[in-house]
Amino acid sequence: MKEVKQVRGNAIPLNRADVDTDQIIPKQFLKRIERTGYGEFAFFDWRKDDDFITNRPQYQGAPIMLAQQNFGCGSSREHAVWALEDMGVEAIIAPSFGDIFRNNCSKVGLLTIQLDQDDVDYLMSRAEELPEGEIVINLENQTVMIGSDWSRQFKIDEFVKHRLLNGLDDIGITLANEEKISSFEEIRSIFLPSTDQAGQDNLKIN
Amino acid sequence: MTQPQTIVDKIWEQHVVHSEQGKPDLLYIDLHLVHEVTSPQAFDGLRMTNRSVRRPDLTLATVDHNVPTTDRTLPNPDPLSTQQIEVLRTNCNDFDIPLWDIFDLRQGIVHIISPEHGLTQPGMTIVCGDSHTSTHGAFGALAFGIGTSEVEHVLATQTLPQSRPKTMSVEVTGELGFGVTAKDVILAIIQRTGVDGGVGHVIEYRGDVIRNLSMEERMTVCNMTIEGGARAGLIAPDEKTFQYLRGKEFSPSGLDWDRQVENWKKLVSDDGAIFDKSIVLDGNNIAPHVTWGTTPAQSVPVSDVVPNPDDATTASSRETAQRALKYMGLEAGTAITDIGIDRVFIGSCTNGRIEDLRRAATIIDGQKVSSSVNAMIVPGSGKVKQQAEEEGLDVIFKDAGFEWREPGCSMCLGMNPDILLPQERCASTSNRNFEGRQGAGGRTHLVSPEMAAAAAISGNFVDVREII
Ligand code: SF4
């Protein structure tokens, strides 16, 4: 995972609530087995409208996305995060997020920032009025700033912050506790089911 | 005296491998279910880092999301789906993971096959790269959906770093009226809590209505937990749970069974356990529900009308409702029973089990699908299909004019050819009515199997209580 320290640039004001992952990346693109290249399919159906916000030239390549409550609800598809990342989005600011989506973002290195509704509405109207307006997000200090006169502090899970700042890979961190996993396995109940009798192809149809 | 604990606390504490101040707990995972769509990039990650699968014996794979539901001996016309299925085969083969493949009788929707073989048991931690993993909570397991990075993490370590969730009690009291189903219960709950009411929480469903549900009905309720924003929802195990599991292929037997049942009986929230949030719903007041919008919270009783967006309390919910009505092609004030439909889909991990098909069959028996409707039934698994055929349900459906298909996710998400055309209106027993979910431009109304069956016959929604 790459390090995330600061995100700086203009923002796409996606002024909608309950944007689900089916909208961010529709199912027909989930058949790909690659990890990259999803950006061009982000918001595929909504983008058919030329006036849809991500189509407007002034927001092209903006590294920040502003959205309304419950952004990323719905399915667990990490493809939604990959699509936003591939579009160039590095941080998303919203009043609330879908749990799995937010978690996926933290694994991929996309920063999700929860701000109060009023603050999101303020940033949203600034980005609508002044599309090139620059927002500066500083992860170390946990601040979002716009211009010299507006700044807000945001909360973030300490461990997620530590991982993002240092670009740490979760699996590596866990495997440093490999011994603990092994000792847990030794005392784990023997009554729990195992799939090793699940066998392959022993119950063919026809 | 020890602090009273919730069932979630108990399961959590039994699975913590490692805990450290300022970090999420490392949880051991008892069962990892894998399917073709959210796994390829995870296996690629393992290869790139030279890692292996730690516990293939706690892992099970199947193909469900994009398999065709028509004759599978014919070539699959979709090269991308074929590739994804092939890639899963190769991955399972390379990493020694059991795979219930397309011609295996046990193949089916991942959340249906694990319980029906007894792999899902009380007190377990279960994950899958799919948000409806919450289904398994019906057995008193802590089960939740994960993303592909986490799939890779579980494959490599059989653990997952997780912050302890908050807990929420959802109690449904009283008794359900005639013709009111588990699907209506969960739609009513989500209508009340909103699509984000459960974010950050694990829900425990309680109360007489929940106790009186069968295991399959409990799965319907837990299945849609994620539509209310919570990643997991569970129900404390009881005699019904034990009866369901007794004698299943992966259930313990003999003395082991007795000992496990004793352990399982302890998996209840203690009296006085504190939940971070609680709601109570009166089950007597729940009617058959129909969604009218594009989120599962946008539903009303079938006897009601399409609500007016102007009645919404906030500007943003008004705007959301307006957008939804526009997408759905509906006018505020229209009676739900005046809405005509083009398609009916009975299936999915919400309502694709044998009891669902039996209940649909009671309504359909001897009737004909309306000439303006195209209706299909997709059993949730090979076993469900086989059982239904043994009971002759397939004949009832086919005689009425339903298509009888092979098991899979099918039109729940339309990754295979089973999709709605733009503006086609569908009564669906699945779980998501998002824009385009069942096909670009398609209009989905979520209902119970009974309501879907009745709509298939009438060509419009009907109050199922008036016909049974
Ligand atoms: S049936 Fe639908 S909701 Fe269930 S696993 Fe398949 S696609 Fe997901």
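The values are calculated or read from the model by the stated rules, or taken from the named source; none is laboratory data. In this text, all values refer to a predicted model and were calculated from it rather than measured experimentally. So basically every Cβ, Gly included, is an ideal-geometry build from the backbone, and we count neighbours across all protein chains shown. Accessible surface is based on the protein model in full, side chains and every heavy atom, while ligands, DNA and RNA are left aside. Shrake-Rupley method; radii C 1.70, N 1.55, O 1.52, S 1.80 Å.
Table: residues versus (1) of a type in the set (A, V, I, L, M, F, W, C); (2) touching a strand residue (DSSP E or B) at 6+ places or on another chain (Cβ under 6 Å); (3) farther than 25 Å from B:GLU116 by Cβ; (4) within 16 Å of the ligand (Cβ to nearest atom).
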{"position": "B:HIS32", "(1), (2), (3), (4)": "no, yes, no, yes"}
{"position": "B:GLU36", "(1), (2), (3), (4)": "no, no, no, yes"}
{"position": "B:ASP57", "(1), (2), (3), (4)": "no, no, no, no"}
{"position": "B:VAL63", "(1), (2), (3), (4)": "yes, no, no, yes"}
{"position": "B:PRO79", "(1), (2), (3), (4)": "no, no, yes, no"}
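Would you please name the residue that is nearest to the ligand (Cβ to nearest atom), looking only at residues in region B:349-375 that are farther than 20 Å from B:ILE467 by Cα and buried (at least 23 other Cβ atoms within 10 Å of the Cβ)?
The selected residue is B:CYS349.
Confirm whether B:THR444 is in contact (Cβ under 8 Å) with a residue 24 or more places away in the chain and within 11 Å of the ligand (Cβ to nearest atom).
no
Quick check on region A:66-83. Is at least one of its residues over 26 Å from B:GLY194 (Cβ atoms) and in contact with a Lys or Arg (Cβ under 8 Å, 6 or more places away or on another chain)?
Among the residues of region A:66-83, at least one is over 26 Å from B:GLY194 (Cβ atoms) and in contact with a Lys or Arg (Cβ under 8 Å, 6 or more places away or on another chain), which makes the answer yes.
Quick one: B:PRO68 ticks every box in (1) of a type outside the set (Asp, Glu); (2) outside any loop (DSSP other than H, G, I, E, B); (3) within 15 Å of the ligand (Cβ to nearest atom) bar one, so which box is it?
(2)
Mind checking which residues of region B:280-308 are under 19 Å from B:ARG211 (Cα atoms) and open to solvent by 30 Å² or more (accessible area, probe 1.4 Å)?
If the condition is that a residue be under 19 Å from B:ARG211 (Cα atoms) and open to solvent by 30 Å² or more (accessible area, probe 1.4 Å), then B:VAL280, B:ASP282, B:ASN284, B:ASN285 are the ones that fit.
Restricting attention to region B:129-179, which residues are part of a strand (DSSP E or B) and at the interface with chain A (Cβ under 10 Å from one of its Cβ atoms)?
B:PHE144, B:GLY145, B:THR159, B:LEU160, B:PRO161, B:GLN162
Scan region B:420-441 for residues that are closer than 28 Å to B:ILE102 by Cα, away from the ligand (no atom under 13 Å from the Cβ) and part of a strand (DSSP E or B) and jot them down.
Listed by number, the residues that qualify are B:CYS426, B:ALA427.
So, of the residues in region B:394-419 that are surrounded by fewer than 24 Cβ atoms within 10 Å (Cβ to Cβ) and among the aliphatic types (A, V, I, L, M), which turns out to be farthest from the ligand (Cβ to nearest atom)?
Per the stated criteria, the residue is B:VAL395.
Taking the condition among the basic types (Lys, Arg) and more than 8 Å from chain A (Cβ to nearest Cβ), does B:ARG51 pass?
When the stated conditions are applied, B:ARG51 does not pass them.
What single numbered condition from (1) in a strand (DSSP E or B); (2) within 16 Å of the ligand (Cβ to nearest atom) fails to hold for B:CYS222?
(1)
Does region B:386-417 hold any residues that are in a loop (DSSP other than H, G, I, E, B), under 20 Å from the mean Cα position of the chain (by Cα) and either small (Gly, Ala, Ser) or within 22 Å of B:ILE363 (Cβ to Cβ) (or both), and which are they?
B:ARG405, B:PRO407, B:GLY408, B:GLY414
Would you be able to tell me the number of residues in region B:131-157 that are buried (at least 22 other Cβ atoms within 10 Å of the Cβ) and away from the ligand (no atom under 16 Å from the Cβ)?
Matching residues across region B:131-157 total 11.
Within the group B:ILE336, B:ILE346, which residue is within 19 Å of B:ALA455 (Cα to Cα), within 16 Å of the ligand (Cβ to nearest atom), more than 14 Å from chain A (Cβ to nearest Cβ) and touching a strand residue (DSSP E or B) at 6+ places or on another chain (Cβ under 6 Å)?
Answer to the selection: B:ILE346.
Out of B:ASP270, B:ASP258, I need the residue that is open to solvent by less than 60 Å² (accessible area, probe 1.4 Å), modelled with pLDDT of 95 or more and among the acidic types (Asp, Glu). Which one?
Result of the check over B:ASP270, B:ASP258: B:ASP270.
Only residues that are within 13 Å of another protein chain (Cβ to nearest Cβ), within 17 Å of A:ASN10 (Cα to Cα) and not small (Gly, Ala, Ser): list them for region A:87-113, please.
A:LEU110, A:THR112
B:PHE95 - would you say it is within 8 Å of another protein chain (Cβ to nearest Cβ), away from the ligand (no atom under 16 Å from the Cβ), open to solvent by 10 Å² or more (accessible area, probe 1.4 Å) and not acidic (Asp, Glu)?
no
Which residues, taken from region B:100-114, are more than 15 Å from the ligand (Cβ to nearest atom) and open to solvent by less than 10 Å² (accessible area, probe 1.4 Å)?
Scanning region B:100-114 gives B:ASP104, B:ARG106.
Failed condition for B:ILE85, given (1) within 16 Å of the ligand (Cβ to nearest atom); (2) closer than 23 Å to B:THR135 by Cα, with all others met?
For B:ILE85, the exception is condition (2).
Every residue, every condition in (1) acidic (Asp, Glu); (2) closer than 26 Å to B:THR320 by Cα, yes or no:
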residue: B:VAL378; (1), (2): no, no
residue: B:GLU390; (1), (2): yes, no
residue: B:MET411; (1), (2): no, yes
residue: B:PRO417; (1), (2): no, no
residue: B:SER430; (1), (2): no, yes
residue: B:ALA455; (1), (2): no, no
residue: B:GLY459; (1), (2): no, no
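Taking the residues in region B:216-236 that are away from every other protein chain (no Cβ under 14 Å) and open to solvent by 10 Å² or more (accessible area, probe 1.4 Å) as candidates, determine which candidate is nearest to B:ILE189 (Cα to Cα).
That would be B:GLU217.
Answer with yes or no whether B:GLU391 is away from the ligand (no atom under 14 Å from the Cβ), over 25 Å from B:VAL180 (Cα atoms) and out of contact with any Pro (no Cβ under 8 Å at 6 or more places or on another chain).
no
Within the bounds of region B:310-325, is there any residue that is touching a residue at least 60 places away in the same chain (Cβ under 8 Å) and within 14 Å of chain A (Cβ to nearest Cβ)?
No, region B:310-325 has no match at all.
Could you run through region A:66-79 and say how many residues are closer than 25 Å to A:LYS31 by Cβ and either within 7 Å of chain B (Cβ to nearest Cβ) or away from the ligand (no atom under 15 Å from the Cβ) (or both)?
8
Any idea which of A:ASP99, A:ASP170 is without any contact (Cβ under 8 Å) to a residue 24 or more places away in the chain, under 17 Å from the mean Cα position of the chain (by Cα) and buried (at least 20 other Cβ atoms within 10 Å of the Cβ)?
When all the criteria are applied, what remains is A:ASP99.
Restricting to region A:8-31, count the residues that are open to solvent by 20 Å² or more (accessible area, probe 1.4 Å), among the charged types (D, E, K, R) and either more than 7 Å from chain B (Cβ to nearest Cβ) or not in a loop (DSSP other than H, G, I, E, B) (or both).
The qualifying residues number 2.
Just to be sure, is B:PHE275 assigned to a loop (DSSP other than H, G, I, E, B), open to solvent by less than 50 Å² (accessible area, probe 1.4 Å), among the aromatic types (Phe, Trp, Tyr) and within 14 Å of chain A (Cβ to nearest Cβ)?
Judged against the criteria, B:PHE275 is not a match.
Find the residue count for region B:243-271, including only residues that are part of a loop (DSSP other than H, G, I, E, B) and farther than 12 Å from B:LYS10 by Cβ.
Count: 9.
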